[in-house]
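The next block holds one structure in the form of structure tokens; read it before the comments.
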Amino acid sequence: MKRLFAAFAASALCLAFGGVAQAQQYKWVDQNGRVQYGDVPPPGVKAQRLKPPAGGAAPAPAAKKGDKPLSPEAAYRKRQEDAQKEREKGAQAEQEAAAKRENCTRAQESLRTLESGQRIARTDAKGERYYLEDAQIAQETSRARQLVKESCS
């Protein structure tokens, strides 16, 4: 009998306080010019209805069936591993961004050299120097512009 009464009392308390948690909030200015907040505004004042607070914290991800909950130590290790993976991803992204900046700089430098009007020399497989003709320079300039477009965007 005591258990039944205790369960009924606990249910009644949950229902009573659950309604208070969902109560609408109002904001108004009193006769002294101070802003007041409450769930019931006094009569005769212009009250502004406030948005209810957010629905609380996001629920924890659902565990798969058969998974045991992690111990605090295992959860800590998992968080540490996840943080390490995030740091590695960030470092890799930074390296890729640096490589892209470097490629962009090189492509721009090459394009400036080709557009400078100077004679452009190359070395063949035998180690002999030869100079590019106008058609070859135009072709190289076109490639350099394409590289700048790809690398610097």
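Nothing in this text is a laboratory measurement; each read-out follows from the coordinates by a stated rule. Remember, it's a predicted structure, so these values are computed and weren't measured experimentally. Cβ coordinates were reconstructed from backbone atoms using ideal geometry, including for glycine residues, and neighbour counts include every protein chain displayed.
Within the straight-line cut-off of under 20 Å between alpha carbons, the aspartates and glutamates reachable from K51 are D39, sequence neighbours fewer than 8 places apart in one chain being disregarded. Multiplying the residue separation of Q92 and Q108 by 0.36 nm and removing their Cα-Cα distance gives an extension gain of 3.3 nm.
Computed extension gain for E133 through Q48, at 0.36 nm per residue and net of the alpha carbon distance, reaches 22.7 nm.
Rounded, prolate or oblate for the range 60-153? Axes are the square roots of the Cα gyration tensor eigenvalues, ordered a ≥ b ≥ c, and the cut-off for rounded is a/c under 1.5.
Details: a/c = 4.81, a/b = 4.01, b/c = 1.20.
Note, shape of the range 60-153 comes out prolate.
Between K85 and K68, the simple spin-label model (points 7 angstrom out along Cα→Cβ) gives 2.2 nm.
Remark: the range 117-131, residue by residue, has Karplus-estimated 3J(HN,Hα) of x, 6, 6, 10, 10, 10, 10, 7, 5, 7, x, 8, 8, 9, 9 Hz, where x stands for each Gly or Pro and the curve is 6.51 cos²θ - 1.76 cosθ + 1.60 at θ = phi - 60°. Within straight-line reach of K85, meaning a Cα separation under 16 Å, sit the following aspartates and glutamates at least 8 residues removed in sequence or on another chain: E94.
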